[in-house]
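The values are calculated or read from the model by the stated rules, or taken from the named source; none is laboratory data. Here the structure is a predicted model, which is why all the values come from computation and not from measurement. Cβ coordinates were reconstructed from backbone atoms using ideal geometry, including for glycine residues, and neighbour counts include every protein chain displayed. Quick note on the areas: whole protein, heavy atoms, side chains included, nothing else; ligands and nucleic acids left out. Shrake-Rupley method; radii C 1.70, N 1.55, O 1.52, S 1.80 Å.
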There are 2 protein chains.
Amino acid sequence: MSFQIDFQPLGRRVDVEPGATILEAAQSAGIGLSAVCGGVGLCGRCLVRLAPAAPVSPPNEDELTLLSPEAVAAGLRLACQVKLLGSVRVEVPPESLTAPQRTQVEGEEEPVDLAPEITAYELILPPAALKDLRSDWERLADGLSARGAPRPQRPRVRILARLAALLRANDWRIRVGLRRDEVVNVAPPETPLLGLAVDLGTTKVAAYLIDLLSGRTLAMGAVMNPQIAYGEDVLSRISFTMENPEGSNLLQKTVVNALSELAAHLCAEAGRKPEAGRTGAYDPGQIAEMVIVGNTAMHHLLLKLPVRQLGLAPYVAAVSSPLDIKASEIGLDLGPGSTIHLLPNIAGFVGGDHVAMLLATGTHRKKGVVISLDIGTNTEISLAAHGRLMSCSTASGPAFEGAHIRDGMRAADGAIERVRIVDGRLEYQTIGGVPPVGICGSGVLEALAQLKLAGIIDGRGAMDKDHPLVRQGNFGLEVVLAAATRTRHGRDVVLSRKDISEIQLAKGAIRAGLTILLKHAGLEPDDVNEFIIAGAFGTYIDVPSAITIGMFPRLPRERFRQVGNAAGIGAKLALLSSPLRAEAAALAARIDYLDLIQEPGFTSIFAESIGI
Amino acid sequence: MSFQIDFQPLGRRVDVEPGATILEAAQSAGIGLSAVCGGVGLCGRCLVRLAPAAPVSPPNEDELTLLSPEAVAAGLRLACQVKLLGSVRVEVPPESLTAPQRTQVEGEEEPVDLAPEITAYELILPPAALKDLRSDWERLADGLSARGAPRPQRPRVRILARLAALLRANDWRIRVGLRRDEVVNVAPPETPLLGLAVDLGTTKVAAYLIDLLSGRTLAMGAVMNPQIAYGEDVLSRISFTMENPEGSNLLQKTVVNALSELAAHLCAEAGRKPEAGRTGAYDPGQIAEMVIVGNTAMHHLLLKLPVRQLGLAPYVAAVSSPLDIKASEIGLDLGPGSTIHLLPNIAGFVGGDHVAMLLATGTHRKKGVVISLDIGTNTEISLAAHGRLMSCSTASGPAFEGAHIRDGMRAADGAIERVRIVDGRLEYQTIGGVPPVGICGSGVLEALAQLKLAGIIDGRGAMDKDHPLVRQGNFGLEVVLAAATRTRHGRDVVLSRKDISEIQLAKGAIRAGLTILLKHAGLEPDDVNEFIIAGAFGTYIDVPSAITIGMFPRLPRERFRQVGNAAGIGAKLALLSSPLRAEAAALAARIDYLDLIQEPGFTSIFAESIGI
């Protein structure tokens, strides 16, 4: 006898013998559940959620120690402690995973009524004949009208160019993609009609290929944003365009190429899946609609809009309203007539990706007090409270991306991402389980929290020079995270006093933004009913550590929600549903943008926020 | 004492002594009035029109012999016979000119209420500031709304791209070109807003540069259609695209380049005129709207639409409705957001140029029975009768353009364009007055009429082999038009029996079209109240000769009107006035297109029409 364990949202199933733990089941399914303590119920990282009355062992003492009563009531358990007594469905929060895929494209997602901008019509038209000399376009327009569709207006040259051969090669049968009153795609009968949702980040570009007829996600994937070669962050790319006459061109071309390759790659991948039936059944020419979300600078650089004014006070965008453009306008060669919809920008430093995140998380619809944030070089924070929606952007800097940290690195194989100090010994876990190379943002965050909990650093971030883990380095006091003998490059991986200061500045900026938003709403941190953390970095951070170092307010654990790539999900929703797209525009329009720099108390609030 | 003579529509003035003739005045003004007979009142070519009671000598016997009483009543006179007794204004019909400029851009034109698609707004916007963080686009949109303009929608990337620098360089002052609810042009304050009207012919491209704020024509000009290098006529260009994979691309690029150069040339010319005030004040970036008219094939080749089906029965167009496209869609680099409007096509062989001609001549509005035609390789003919509008296209072939004629040539310097047989002697006149090289279409037409009148050819086109002007050539009987001793190349310029047959086929096709249209309307030729001849060739033909050879019905001379480049004027009207543009669409929609090939009696009517 064996039980079937169903891991969600990963969609993996595995059969196990009675009495096995959920952690063991996960390991046999190849799912990388966090277990820094080795599965002995000490680290509290292997958190999973079960349905009430699931056939498993009841919570044991270890669990009741580590989990709050609210958490237990919500069905949270430690995977290493739960013994399986029957078949169950296990929900794995993203934060419990050891980053099997660090280009985050997954995210929490709810079903949505399919109502895309584009409708497909399969038409059979009467052939041109001596007694029926209508032009190809009028014939098509009449055919659509006869089907009750809006009569198409403003025919596009590239659509007209395909029509003649297409109609004659397919016995006057055709599949038409109609966007309101515009024909945006024509193809042989029964050709798929595709959409592409893109989260265009400063560092990575994530995309979802969608079948617009079924709403099904056919493939998803991500690549690095190749603009990185011209500047790691937004400001250095802005400088690049100002210092190089061809800079804007170059940045646009490089990202357009990446989108084009990603589209081709996802089509190929979708075509390889057995359920597609036919290999190569999909191609980018079938992509009739794209939704792209990104921060204001990525949005502007994609469109080759000027960015100089984004880098200078008062930091205004060239455009903030939602845009519908043709893919061909930016040199993106998809289907003829392909439209790109760009979600609205809120301000120079709060872009459409934040709007998409709010849409996906439903922040703007919620009744109570909700904070939603997306941590990056700039951290965008929104506060929804009693019908009001406020947003700000805070300059948290690149420390969380590993920059300005001596041994810092991006979240890639070999990065220390989990740190624990157990009985005075420092333990770590690396991405990919390989020997360490450096430490990524979430690792630094945890290291700081652990050093604080162990009393090795004080509230100002100063190190206890007499602690055995602290030593005098060339540039001051430092903690050795991994000794040279254990690292891949044979050098110590350390955390210095300066590194700690960098993190203090970063987390201080975020906490100051939170404080000021709450102050404007006349609220206290305790009033926050839900605290939503979106984005790749946000998915992997350890929330208790973030609380420990004072980055987040001390709220009950269950009020936090790590939602993965909500911006990408928001883009997908805007692709699948016109009403949701309109909702995004409406929510963006009602946001009050708070410019922190203009806030009278900002400097002192920031100063207060950098303590640990 | 001298009088001032004002020649219209040429706009030239000259002072003459009392008693001089109008022909002498014209000669001293450098105006090439036709005078084949040398100004002795015999040829009747130097027709001009004077106002009633103009201070001139009364009609003499020669005039009363050559002119009908109706013509005299309408103020028509022979310039060589009229003695000037005071200052007068002389109207010179195009047909009285010896083609001083054979790329026809002039045409009859009536004043029109200025109501272009685009409105210019001069705005002064509040600068971006910490307390006013609106994006540049929203600021502009608000500024337009405040001026009562429609709120602009769907901002275009290329407009957005210019906005930031433009606003900041001009103290937040800007000139905006608004097309309905679309911003199509932005520029520094007080920049001109231009339009370009283009008649895109198979052989030549004529264009008018218009100030959209004043309606003034700033410059006009014409160039050969460079597609000629890939095929002289429509069908050979269609073949070229079918035989060469890159053919369509090449034909599009070559004509787009020509348009681009023409636009630059006209801007430069407009800037050189003293009234422009500043040299170089105009540039193609200020061209916000173009109207292009052309036959269906030129229309399709410009847009790189498929033309294969235009060359095959049932000869249907890819599109017939009016089109608004962006200049950038065809690679034409004008102002960002520049729109090209293309007048509707009626059928595969009746294009927007014919619609423009009907618009300019007002054919569709007239009360009586009106024929309008434009002679070319295909001759498009429309009949307006009692509220009905019918059109057909007839394959008149390239003979009138000098092709398929042994010594045929285009209407260029050295072409024999006028022929008279006086007292058994053959006299001719060449374009430019230089020694002859060949004969152009209008010359052949006249030669034929003169040979018929002199009894040298009979009703079937057969030559009288015993006539002194007829000789036996290497390929049959022929008439020597100019002997080798007088030609530029030292060879005889002759007219052969085969040449006569070619012209018979051409004029037969036209007459058959006329006959069938009239038959369908239940009318006789005599019922035609007005017979409008448009286009370059039509401007230069001798109407009596055309009647003599049976190409046109025998109607009183004053019912004929030679209107010059009416298609170009129609394009200009559609540029200057949105209501007229709508009128063009409406008139095109109500035209009944008659396919002559399907006409049961076509073959026999054609056979009857080729006799002289």
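Annotations
- Angle in degrees between helix A:247-272 and the longest Cα principal axis of chain A, rounded to the nearest 10: 80 degrees
- Label point of B:Pro556 (7 Å along Cα→beta-carbon): distances to the other copies' equivalent points are 10.4 nm, sorted ascending.
- Residue-level accessible surface for A:Leu213, protein heavy atoms, 1.4 Å, Å²: 100 Å²
- Here is how far apart the B:Ala229 label points are across copies: 3.6 nm, shortest first, using a point 7 Å from Cα toward Cβ.
- Segment B:Asp324-B:Ala454, length gained on full extension (0.36 nm per residue, minus Cα span): 41.4 nm
- Separation in nanometres of the label points that stand 7 Å from Cα toward Cβ, at B:Glu524 and A:Asn60: 11.6 nm
- Degrees between helix A:578-589 axis and first principal axis of chain A (Cα, 0 to 90, nearest 10): 60 degrees
- When only Cα pairs below 8 angstrom with a gap of at least 6 residues are kept, chain B shows a relative contact order of 13 percent.
- The distance between label points at B:Leu213 and A:Glu138 comes to 4.1 nm (points 7 Å beyond Cα on the Cα→Cβ vector).
- Rg over Rh [alpha-carbon atoms, Kirkwood Rh] for the protein assembly as shown: 1.13
- Peptides B:144-153, B:296-305, ordered by how many other C-beta atoms sit within 10 Å of their residues on average, highest first, read B:296-305, B:144-153.
- Links that overshoot a 18 Å alpha carbon limit, given the list B:Lys452/B:Lys507; A:Lys253/A:Lys326; B:Lys366/B:Lys572; A:Lys367/A:Lys572: B:Lys366/B:Lys572; A:Lys367/A:Lys572
- Expected 222 nm ellipticity per residue - DSSP helices of 4 or more, -39500 (n - 2.57), all of the protein assembly as shown, to 500: -8500 deg cm²/dmol
- Computed from label points 7 Å out along Cα-Cβ, the spacing between B:Ala74 and A:Val480 is 11.1 nm.
- Mean Cβ neighbour count within 10 Å, used as a protection proxy, ranking A:63-71, B:258-266 highest first: B:258-266, A:63-71
- With contacts taken as Cα pairs under 8 Å and at least 6 residues apart, region A:136-251 reaches a relative contact order of 14 percent.
- Other copies of B:Arg406: label-to-label distances in nm, shortest first, labels 7 Å along the beta-carbon direction: 10.2
- When accessible surface is computed with a 1.4 Å probe, chains A and B are found to bury approximately 3100 Å² between them, both chains counted.
- Per residue of peptide A:126-133, the mean number of Cβ atoms on other chains within 10 Å of the residue Cβ is 4.
- Cβ-derived FRET efficiency at R0 30 Å, B:Ala165 paired with B:Lys131, nearest 0.05: 0.85
- Counted by Cβ distance under 10 Å from A:Ala484, the other residues give a net charge of +1, where Lys and Arg count +1 and Asp and Glu count -1.
- Accessible surface area normalised per residue over region A:184-294 is 38 Å², counting heavy atoms of protein chains with a 1.4 Å rolling probe.
- Remark: relative contact order (region B:239-398) = 18 percent; criterion is Cα-Cα distance under 8 angstrom and separation of 6 or more residues.
- Per-residue average of Cβ from other chains inside 10 Å of B:136-143: 3
- Ordering of A:534-542, B:218-226, A:497-505 by packing [mean C-beta count within 10 Å, highest first]: A:534-542, A:497-505, B:218-226
- For residues of B:401-411, the mean tally of beta carbons on other chains within 10 Å: 0
- Positive minus negative residues near A:Asn295 (Lys, Arg vs Asp, Glu; Cβ under 13 Å): -3
- Two-site FRET efficiency, A:Asp592 against B:Val112, from Cβ-Cβ distance with R₀ of 41 Å, rounded to 0.05: 0.20
- Once the Cα atoms are used to define both axes, helix B:441-453 deviates from the longest principal axis of chain B by about 20 degrees.
- For region A:382-487, applying the loop criterion from DSSP together with a ceiling of 13 other beta carbons within 10 Å to the trypsin sites (Lys or Arg not before Pro) yields A:Arg460, A:Lys465.
- The Cβ shell under 9 Å around A:Ala51 holds other residues with a net charge of +1, Lys and Arg each +1, Asp and Glu each -1.
- In a DSSP loop and with at most 13 other Cβ atoms within 10 Å, the trypsin sites (Lys or Arg not before Pro) in region B:538-576 are B:Arg554.
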